[in-house]
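Q: Can you keep this structure in mind? I'll have questions shortly.
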Amino acid sequence: MQPAETECYVALGGNVGPVAKTFQQALELLQGAPEVCVGRSSGLYQTSPVGPRRQKPLGSRGTYLNAVVQLWTTQLPESLLHRLL
């Protein structure tokens, strides 16, 4: 018996390096992954950091880019998490 497909929403966020390009590459990798079907994705949203002010990591831009991607998968949650990391 095959596991049922589960609808998932994955949040993307970053502020180091070429973030939009990194998001695009991540989507391309997910689209080629077995047991994963990529659905819709949001636009990119720019947000300010939240929390205590700390020294910015090397290469960070201060502001963040964020997005959300809809997925369907038959993978177990732990397997999907491992793929996403």
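The values are calculated or read from the model by the stated rules, or taken from the named source; none is laboratory data. Predicted model, so just to flag it, every value in this text is computed and none were measured. All Cβ positions, even for glycine, are placed from backbone atoms using ideal geometry, and neighbour counts span all protein chains on display.
Q: How many residues are surrounded by 10 or more Cβ atoms within 10 Å (Cβ to Cβ) and either part of a loop (DSSP other than H, G, I, E, B) or among the polar types (S, T, N, Q) (or both) when one looks only at segment 12-54?
A: Going through segment 12-54 one residue at a time, the tally reaches 15.
Q: Filter segment 55-75 for residues that are part of a strand (DSSP E or B), of a type outside the set (Ser, Thr, Tyr), over 15 Å from Leu12 (Cβ atoms) and modelled with pLDDT of 90 or more and give the result.
A: Trp72, the sole residue that qualifies.
This table checks each residue for (1) farther than 15 Å from Pro77 by Cα; (2) free of Cβ contacts under 8 Å to residues at least 24 places away in the same chain.
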{"residue": "Glu5", "(1), (2)": "no, no"}
{"residue": "Tyr9", "(1), (2)": "no, no"}
{"residue": "Val16", "(1), (2)": "yes, no"}
{"residue": "Lys21", "(1), (2)": "yes, yes"}
{"residue": "Gln25", "(1), (2)": "yes, yes"}
{"residue": "Gly39", "(1), (2)": "yes, no"}
